[in-house]
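Asker: Structure incoming, see below.
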Amino acid sequence: MVYPQAVAIPFLSIIGICIIIVPLILHIKNKNYTSASILVWFVLLNLFNIINAFIWSSDDIDSWWDGTGLCDFEVKIMIASYVAVPGGLLCVFRSLARVLDTRCATLVPNKKQRWRNRGMEILFCVVAPLLSMATHIFYQKSRYMVYQVSGCINNFDDSPISLALAFIWPPIICLPACWYCGLVLHRLRLYRSQFGDILNASNSNINKSRFIRLFSLNFVMLVLIFPIQCYVVWQNTILSFPWHTYSWSAVHGPEWNTIFKHATSGNAFFDRWVPIAACFLVFVFFGCGKDANELYWSFLRSLGLDRCFACLDPEYSRRTSMDSSTGSRVKLLFNKNKRWSSTSRTYVNTNDTPTNPTTRQSYHDIEKGMPSIRIDDDQNSHPKEKSWFRSFFHRPASSKPSNHERHPSHLSLSGQNIVSTNAWAGLSRSRGSGEFSPSPTKRDFIRVRQEISQESVMQEVV
């Protein structure tokens, strides 16, 4: 009989290993070895799920393989993983807290600091797992047990030594990890406005996006793993009662080499789902970014499938954005051809007295020092009177010059530029008199900001 968990666990474990490879490569590439070590442990545990579910999936205990050699290796690795994963989380949170520590910020850490940081990582990621594997023999009641679907299982002695050497250490290591996690949260809140500057000044190969994703991933892992470890300690302690006095000879007696096999009706231990969930969690945070897409694209390119998945090409999005940017610039260029804009010019009215509805007014071009003449028609040039507030905040676009401005009947122009403007003005005394030439009639002057539309009109002299 085929059980659902006997199919689901190996299938999801295979997917988990596949999707975690790219984040593992990225962590190694960025020299984030503590996070990479955590992912390696998840890969090993998922690999054990695949092997065990395929070998021990049936109910026929008599046909089962006893697992000699394989289970001896698996139980040691599982014992080490119970300590290595919390130790890796501790090192990650410690490194993130050190990045945000402005009191000890240095551009280049000295030799002592480098060795201290490296020593902490080696202690919790290498030495502690090796010690747990070495001390396993003291509380190992038998070589191992074999359960259906779950496969190889550790057998602990019912004595206080199992609690002291095995059960208690994972939650103990999680406690300083929780403290460093809280320290990172405190410093993120404290330096939230200078967060980017602190990362740039620190001697770490990490940016804001990678920092937030790395912290979020390990935070979720810690929130899930710490309660699970506490629950495991509680359950193992309850199941080991009543305790007996520890004795090496009693633990390693004649039955130590006996391998116990148990059928579970297709049910697996809950801890077999932990590495599967962790792989999918890692993929959510580090398997969908720009760096990951570049690795996916390079892999597809090596297989010759780059044309089938062009949307994954990092250059595709860049080309699309460049094309849209180029189109916007072309539109802007055509708009500029329709309307030629130049620098502001200031004209001062030399005639302060009101004139007739159609008058000739003389202006002095302050920018060029050239006089100019304009024909004003109150009825044509000012069809509707606007308030000062509206005219101040509304810059009208350059309009075509009126008929009086284009073809003045009483002027003969030859090869001159006729300039038509829309302008708004305000009385100003803020600048010194040295900037502009004074008005002939008043000491004050008028500042006129304008956009100028210019066209050449050639008219022969009759």
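Asker: Given the condition closer than 20 Å to M221 by Cβ and of a type in the set (G, A, S), answer yes or no: does some residue in the stretch 160-175 qualify?
Answerer: Scanning the stretch 160-175 turns up no residue that is closer than 20 Å to M221 by Cβ and of a type in the set (G, A, S).
This table checks each residue for (1) over 28 Å from the mean Cα position of the chain (by Cα); (2) outside any helix (DSSP H, G or I).
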residue	(1), (2)
T68	yes, yes
V75	yes, no
V83	yes, no
T102	no, yes
L130	yes, no
I137	yes, no
D158	yes, yes
A166	yes, no
C174	no, no
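Asker: Check F48, F42 and return the single one that is assigned by TED's automatic domain parsing to the domain that holds F211, surrounded by 19 or more Cβ atoms within 10 Å (Cβ to Cβ) and touching an Asp or Glu at 6+ places or on another chain (Cβ under 6 Å).
Answerer: F48
Asker: Identify, by number, the condition in (1) at pLDDT below 60; (2) surrounded by 15 or more Cβ atoms within 10 Å (Cβ to Cβ) that V251 doesn't meet.
Answerer: All conditions pass for V251, except number (1).
Asker: What helices (runs of 4 or more DSSP H) completely inside the stretch 177-289 contain at least 1 residues that are without any contact (Cβ under 8 Å) to a residue 24 or more places away in the chain and touching a Gly at 6+ places or on another chain (Cβ under 6 Å)?
Answerer: Per the criteria, 208-239.
Asker: Related question: Regarding the stretch 48-58, can at least one residue be identified that is under 19 Å from W273 (Cα atoms) and under 24 Å from the mean Cα position of the chain (by Cα)?
Answerer: No - not one qualifying residue is present in the stretch 48-58.
Asker: Further question on the same structure: Can you confirm whether the stretch 49-60 contains a residue that is touching a helix residue (DSSP H, G or I) at 6+ places or on another chain (Cβ under 6 Å), of a type in the set (V, I, T) and either part of a helix (DSSP H, G or I) or closer than 23 Å to A166 by Cα (or both)?
Answerer: yes
Asker: What single numbered condition from (1) surrounded by fewer than 23 Cβ atoms within 10 Å (Cβ to Cβ); (2) under 24 Å from the mean Cα position of the chain (by Cα) fails to hold for F93?
Answerer: (1)
Asker: Can you tell me which residues in the stretch 8-58 are in contact with a strand residue (DSSP E or B) (Cβ under 8 Å, 6 or more places away or on another chain) and within 17 Å of V85 (Cα to Cα)?
Answerer: Passing the criteria: only F48.
Asker: If we scan the stretch 13-31, do we find a residue that is out of contact with any Gly (no Cβ under 9 Å at 6 or more places or on another chain), closer than 20 Å to G266 by Cβ, in the same structural domain as S95 (by TED's automatic domain parsing) and buried (at least 19 other Cβ atoms within 10 Å of the Cβ)?
Answerer: yes
Asker: Ok, one more. Would you check if L165 is of a type in the set (A, V, I, L, M), surrounded by fewer than 13 Cβ atoms within 10 Å (Cβ to Cβ) and modelled with pLDDT of 90 or more?
Answerer: No, not satisfied.
Asker: Based on this model, can you work out whether S216 counts as loosely packed, with under 14 Cβ neighbours inside 10 Å, closer than 22 Å to F285 by Cα, at pLDDT 90 or above and assigned by TED's automatic domain parsing to the domain that holds T264?
Answerer: yes
Asker: Here's another thing I want to ask about it. Can you tell me which of I122, I79 is in the same structural domain as M221 (by TED's automatic domain parsing), of a type in the set (V, I, T), under 16 Å from L165 (Cα atoms) and part of a helix (DSSP H, G or I)?
Answerer: The unique qualifying residue is I79.
Asker: Starting from residues that are under 13 Å from R94 (Cα atoms) and of a type in the set (A, V, I, L, M, F, W, C), keep the ones in the stretch 183-210 and report whichever is surrounded by the fewest Cβ atoms within 10 Å (Cβ to Cβ).
Answerer: By that ranking, first place goes to L185.
The values are calculated or read from the model by the stated rules, or taken from the named source; none is laboratory data. Quick caveat, the model's predicted, so the values are computed rather than measured. So basically every Cβ, Gly included, is an ideal-geometry build from the backbone, and we count neighbours across all protein chains shown.
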